[in-house]
1. Cβ under 15 Å from Q13's Cβ, Q13 left aside: what net charge do those residues give with Lys, Arg +1 and Asp, Glu -1?
2. Work out, step by step, the length gained on full extension between K82 and K95: first 0.36 nm times the residue separation, then minus their alpha carbon distance; give nm to one decimal.
3. What does the extension gain come out to for E60 and S18, with contour length at 0.36 nm per residue minus their alpha carbon separation?
4. Could you give the length gained on full extension between H69 and L35, defined as 0.36 nm per residue of separation minus the Cα-Cα distance, in nm?
Amino acid sequence: MAYLHCHACHWEQDDFWSEGYNPMASMRDWEEDLLSADIENQFTSNSQFIKEHGNITMREVIAQEFERHARKVRNMAYRTEKEFREKNPKKKCPKCGKQELDID
């Protein structure tokens, strides 16, 4: 996994897809909750999640997770690290064009 970002314009891309990581695989964790009979129940505990997101239903939590992962996929300029190295050997930012890309 590698986090790609530009020091000039602050463009960023979440981790490259790899055998061990991709956004779709992590969404499978929500399948049991999505099919749960309690999907319309609102969170009522005083958890950190409620402090950050409000008192919402499990259905909305799952929908927001899908949307967050969709944004990651849309923002990916390079799906894999191999693709990045092949298509962008000079490490130019896909947004501003400067050679300020860094991989953490």
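1. Charge balance near Q13 sits at +3.
2. That works out to 2.7 nm of additional length.
3. 12.3 nm
4. On the way: separation 34, 0.36 × 34 = 12.24 nm, distance 1.95 nm.
Result: 10.3 nm gained on full extension.
Rule-based calculations on the coordinates, nothing more; no lab input. The structure displayed is predicted, hence computed values, not measured ones. Glycine gets a Cβ as well: all are built from the backbone with ideal geometry, and neighbour counts include every protein chain shown.
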